[in-house]
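The values are calculated or read from the model by the stated rules, or taken from the named source; none is laboratory data. What you see is a predicted model; the values in this text were computed from it and never measured. In this analysis, Cβ positions are derived from the backbone assuming ideal geometry, glycine residues included, and neighbour counts consider all displayed protein chains. The protein model used for the area step is the full one, side chains on, heavy atoms only, and it has no ligands, DNA or RNA in it. Shrake-Rupley method; radii C 1.70, N 1.55, O 1.52, S 1.80 Å.
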Amino acid sequence: MVKIKLVKSLNGRHDKHIATAHSLGLRRIGDTAEQPDNAATRGKLAQIRYLVRVEGDLT
C-alpha cells in the first residue's frame with residue numbers, strides 16, 4: 001500500500017490532472033489516501049507528481 005497526500009491546490013490545473021487526483025481519492029489540500037502499489041497507481045502518481053507527496057515504499 002502507498003500513502004498519498006495532496007500538497008498543492010487543484011485550482012487551475014489541467015482537467016485530466018484533477019480527474020486523476022479525484023480517482024485517487026484526493027479532493028482538498030491535506031487529503032490523504034491509501035492505494036495499492038500497482039502499475040495503475042504508479043501511472044497516476046507519475047502524472048500528478050508535482051501535486052502530491054508519496055509516503056511509503058515505492059521501490
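Could you check the simple spin-label distance between Val7 and Thr32, using points 7 Å along Cα→Cβ, in nm with one decimal? Between Val7 and Thr32, the label points sit 1.4 nm apart.
Surface analysis of region 1-44 yields an accessible area of 65 Å² per residue, using protein heavy atoms and a 1.4 Å probe. Per-residue extension of 0.36 nm, minus the Cα-Cα distance of His22 and Ala40, leaves a gain of 5.1 nm for this segment. Taking the protein heavy atoms of the chain in the context of the full set of protein chains, the accessible area attributed to carbon and sulfur is 47 percent at 1.4 Å.
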